[in-house]
Amino acid sequence: MTLNTPSLVKADHFINGRWTPSRAGKTFEARSPFNRTLLGHVAEGDREDARDAIKAAASGFVALAKLSPWDRARLCNRVAESIEKRRDELATILALEQGKPLATEAYAEVDAAATGFREAGELIKWLEGEYIPVETPGKRAISFRQARGVYAVVTPWNFPINIPVEYLAPCLAAGNAVVWVPAPTTSLCAAKLVECLVDAGVPDGAVNVVFGPGAVVGDEVVSNPGTHGIGFTGSPGTGNIIATRGAGKPMLLELGGNGPVVVLDDADLDRAAEAAAFGSFFNAGQVCAATGRILVTGKNHDALARRIADIASAIRLGDPLALETTMGPLNNAQVFAKVEEHVADGLARGGELIAGGRPGVSGSGLSYQPTVMGRVARDALLNRSETFGPVAPLVVCADAADLLETANASSHGLAASVFTRDLSQAFAFSEKLRAGLVNVNSASCYWELHLPFGGASGKASGLGRLGGKHTLREITDVKTITFDIT
């Protein structure tokens with residue numbers, strides 16, 4: 001797979017170390033979400049292609065097992081070096097195919113991907129077991145972590161370079177082979193990342209990629225008995241299907257959120273506005289930990305809304321490749337329709353449109369203005385569901401108790417923020433919020449690659465924890481061995 005923009009690209013599956021066309025010979029188009037320019041053609045896989053990849057991964061697992069942790073760490077570092085070498089190329093296809101601005105977001109995502117491989121390579125060296133005391137005389141017991149086998153990995157389109165790395169890098173470091181199904185709308189990004197793995201000398205079959213519809217190839221890899229674990233980032237609805245289809249397998253599921261930003265009455269409003277705006281508009285709001293709703297009392301509602309609207313007015317929509325662009329288009333028509341539905345519903349239920357609320361300037365019609373809506377009703381979709389677009393909805397609450405109750409009323413529980421100058425209030429709210437990650441006086445989407453990240457129990461935001469050593473623990477088995485010394 002080669003890219004010489006604006007030449008067309010052809011991306012085949014990658015199975016057992018080779019670029020492989022679909023068995024059925026089918027392809028689909030890769031197009032820019034900004035202006036619908038044809039970028040290339042991608043192999044469209046079916047269940048037979050997925051089964052070929054699973055079979056190849058079984059051999060890849062054997063090859064990885066022959067490598068020591070230090071060998072696999074060196075492999076991960078070579079992948080990172082290849083990503084850095086191809087930085088411009090990766091960032092360009094990311095901007096073209098996903099739609100995020102090249103200068104302000106695409107390069108940062110590529111850099112994070114390189115960091116992800118380096119960190120996995122370091123952490124696997126120190127994934128230690130333990131010596132376990134036992135009661136029986138003459139017996140000894142030890143435990144250690146061991147790769148599970150073949151992992152089915154299904155990833156979304158919003159961070160098509162870095163989210164896959166959150167699974168691929170730990171799997172390679174730990175010795176798991178992978179069958180990866182990327183989101184169809186960012187297939188070229190996936191193919192370019194695979195080229196980095198090839199450059200690094202990944203063993204044949206260790207990483208396999210099958211392109212195509214999730215309901216076909218994704219379903220095959222999660223349900224097939226030839227895969228032994230599942231990694232998925234995406235919507236709760238799809239996550240529930242995967243949990244059913246892959247029942248009995250270990251799963252690491254990151255399923256999105258509707259992150260509340262709680263602004264207490266003593267908060268620094270300038271700081272809260274900057275963080276809420278960043279969380280709402282970064283990557284055009286297409287972030288699982290985005291600022292889904294801003295909860296504030298009547299005392300600060302108007303002042304906070306004005307500050308966020310001022311920040312929104314400075315955002316520049318446009319061509320993702322243009323250096324002046326700070327927000328690109330939404331990635332696909334489905335998410336655009338959802339944003340329009342949520343905004344219309346919010347207005348119909350009495351919300352006040354303060355900024356935006358309309359499509360932006362884009363040849364494809366997928367650009368949407370950064371939007372601020374005040375006094376959003378509790379029963380509005382903006383408050384109850386994940387919007388996944390550039391909308392900052394403010395919900396008025398009566399007092400601190402109401403802020404907490406409203407924040408926890410959502411079915412989601414991934415990430416949240418609390419803004420206050422009071423340290424005791426900060427800890428009290430952080431402990432009581434039903435979210436896996438709570439950021440104090442910072443954006444809801446703040447995260448670093450080594451921090452544990454995942455949903456709260458009893459919520460619809462997922463299972464397990466991504467991040468550094470936490471991912472390595474999630475994707476490996478604990479094996480215990482006992483033996484006699486007499």
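The values are calculated or read from the model by the stated rules, or taken from the named source; none is laboratory data. Only a predicted model underlies this, so the values are computations on that prediction, with no experimental measurement involved. Neighbour counts are summed over all protein chains in view; Cβ atoms, including those assigned to glycine, are modelled from backbone coordinates with ideal geometry.
Comparison of Thr291, Thr326 shows that the only residue that is touching a Ser or Thr at 6+ places or on another chain (Cβ under 8 Å), more than 16 Å from Pro393 (Cα to Cα), in contact (Cβ under 8 Å) with a residue 24 or more places away in the chain and surrounded by 18 or more Cβ atoms within 10 Å (Cβ to Cβ) is Thr326. Of note, Thr406 does not satisfy the criterion of being touching a Leu at 6+ places or on another chain (Cβ under 9 Å), in the same structural domain as Lys139 (by TED's automatic domain parsing) and crowded, with 18+ Cβ neighbours inside 10 Å. Being at pLDDT below 95 and touching a Ser or Thr at 6+ places or on another chain (Cβ under 9 Å) narrows it down to one residue among Gly212, Gly259; which is it? The unique qualifying residue is Gly259. The sole residue among Val153, Val165 that is within 22 Å of Ala215 (Cβ to Cβ), surrounded by 24 or more Cβ atoms within 10 Å (Cβ to Cβ) and β-branched (Val, Ile, Thr) is Val153. For the range 12-26, a residue qualifies if it is surrounded by fewer than 18 Cβ atoms within 10 Å (Cβ to Cβ) and assigned to a strand (DSSP E or B), and the qualifying residues are Arg18, Trp19. Of the numbered criteria (1) out of contact with any Phe, Trp or Tyr (no Cβ under 9 Å at 6 or more places or on another chain); (2) crowded, with 20+ Cβ neighbours inside 10 Å, the one Ala392 fails is (1). Output the residues belonging to the range 455-466 that are buried (at least 21 other Cβ atoms within 10 Å of the Cβ) and touching a helix residue (DSSP H, G or I) at 6+ places or on another chain (Cβ under 8 Å). Scanning the range 455-466 gives Ala460, Ser461, Gly462, Leu466. Checked against (1) out of contact with any Gly (no Cβ under 8 Å at 6 or more places or on another chain); (2) over 17 Å from Phe61 (Cα atoms), Asn224 passes all but a single condition, namely (2). Picking from residues in the range 356-376 that are of a type outside the set (Ser, Thr, Tyr) and crowded, with 22+ Cβ neighbours inside 10 Å, the one that is farthest from Leu304 (Cα to Cα) is Leu366.
Within the option set Arg36, Arg78, being in a helix (DSSP H, G or I), in contact (Cβ under 8 Å) with a residue 24 or more places away in the chain and either under 30 Å from Ala106 (Cβ atoms) or of a type outside the set (A, V, I, L, M, F, W, C) (or both) holds for one residue only, Arg78. Just to be sure before I move on: is Leu264 modelled with pLDDT of 95 or more and assigned by TED's automatic domain parsing to the domain that holds Arg434 in the structure I sent? When the stated conditions are applied, Leu264 passes them.
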